Amino acid sequence: RHLTNICLYVVNPLLILSCFNMDYDPDDLRRFFLGLAIGTVVLFAGILFSFFAFIKCDRKTVASERFGIVFPNSGFLGIPLMIHMFGPIGGFYGSAFNIAFNILNWTFGVSILGRTNKEKGIIGILKLFNNPFFYCLGIGLVMYVTKLHFPGTIQTAVDNIGSMTSPIAMMVSGMYLAQANVLKAFTDPRIYYICFFRLIAVPLASLGILKLIGLDYTLAMSMMIAAAAPTAATTIFFSNDIPERLKRSR
C-alpha cells in the first residue's frame, strides 16, 4: 500500500510535470486542449460500454469490472510509451488525456467503487482538485506558457523520479497478482468478456472518433495509445480498498 501511495501521489505527478519541460508552441497548446476534449469523449464512450458489465454480473465484482472497462492505463503505461515513441511532445499530449482520466477517475471512478466522501458543492469540487496530480499539472502549464524551466539539477531529479512510474506500477500490480489465483482468471469466461470491451470495443470506438475528427499524426497516435491501453493499474489500487459494507450491499 505504501508503494501504491508513492506511485499515485509522488511518482506519477512528477512524470506529468516533466512532460511540460519543452519549448512553448501555441499550436502544441491548442492540440493539448484538443487532446483533453478527445480524452473526455473516449472515457465517456467507455462509460457507455461499461453498462454491459451488468449483464449476468456478480454484484461483488461488477463495480471493479466497470472501472476496468472505463479506465485505461494511460498514465502508468501509456505516457511512458508516448514519450518513447514521440519524445516529450508525446508525453505532453498524453498528459492532456490524463487530465480527463484523473477528473473522471476521482469522481465517477471512486463513486462506483463506493469511496466518495459524500461531500457536495464547492467543498467537494475543491477536495477533488486537492491532489498532487493537479498541483503538478498547474505548475507545469504555468511554466510551459511562461517559458520558465527548472534548474538543470532539479529538472533531472523530476525526470528521473517521473521515469519510475511504470516500474513501480508494474511492481505493485505484480504483488497483487502474486496473491491471486491466476489459473482461475484465465479459465473464467467473464474475464474475456470484460477484456473484450476494454481491449477491443473501446479502442475501435476511439479509432472511429479519431478518424472522424482527422488529427495531427502524433496527437492521434498518442490518443490511440491511451485509449487502447489495458485496464488501469488504479483498478487494482482502488478495488483493494472497497469497504466490506459495499461488498455486502452489492
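Please treat every number below as a calculation from the coordinates, not as lab data. In this text, all values refer to a predicted model and were calculated from it rather than measured experimentally. Note: ideal-geometry Cβ built from the backbone for every residue, glycine included; neighbour counts use all protein chains shown.
Side notes on the structure shown:
- Label zone at Ile55, where the point sits 7 Å out along the Cα-to-Cβ direction: the range 178-212 residues whose backbone N lies under 14 Å: 190-198, 201-202
- Under the criterion of Cα pairs below 8 Å and six or more residues apart, the relative contact order for the chain equals 39 percent.
- Nitroxide proxy distance, nm - points 7 Å out along Cα→Cβ at Leu183 and Ala37: 5.3 nm
- Think of each Lys and Arg Cβ as +1 and each Asp and Glu Cβ as -1; about the Cα centre, that makes the dipole of the chain roughly 1180 debye.
- Theoretical FRET efficiency, 1/(1+(r/R0)^6), r = Cβ-Cβ of Asp23 and Ile47, R0 35 Å, to 0.05: 0.45
- Computing FRET efficiency as 1/(1 + (r/R0)^6) for Tyr176 and Leu207, where r is the C-beta to C-beta distance and R0 is 30 Å, gives about 0.45.
- Calculated Rg and Dmax of the range 143-230 using C-alpha coordinates, Å: 19.1, 54
- Comparing Ile89, Ala201, Ile6 along the charge dipole axis of the chain, the residue lying farthest to the positive side is Ala201, per the Cβ-charge model.
- Degrees between helix 132-146 axis and first principal axis of the chain (Cα, 0 to 90, nearest 10): 20 degrees
- Helix 202-213 axis versus longest C-alpha principal axis of the chain: approximately 40°, rounded to the nearest ten.
- Alpha carbon centroid spacing (whole Å) that separates the range 166-224 from the range 1-42: 19 Å
- Kirkwood hydrodynamic radius of the chain, Cα pairs, Å: 18.7 Å
- Stokes-Einstein translational diffusion, the range 1-45 - Kirkwood Rh over all Cα pairs, 1.567 mPa s, 4 °C, in µm²/s: 102 µm²/s
- Calculated over the range 9-78, the projected area of the Cα convex hull averaged across directions stands at 6.1 nm².
- Residue-averaged [θ]222 nm for the chain, counting only DSSP H segments that reach four residues, each worth -39500 (n - 2.57): -20000 deg cm²/dmol
- The range 1-81, relative contact order [Cα under 8 Å, separation at least 6], %: 28 percent
- Residue with peak Gaussian network fluctuation, the chain [Cα springs, cutoff 10 Å], from Ile191, Ile79, Ile112: Ile191
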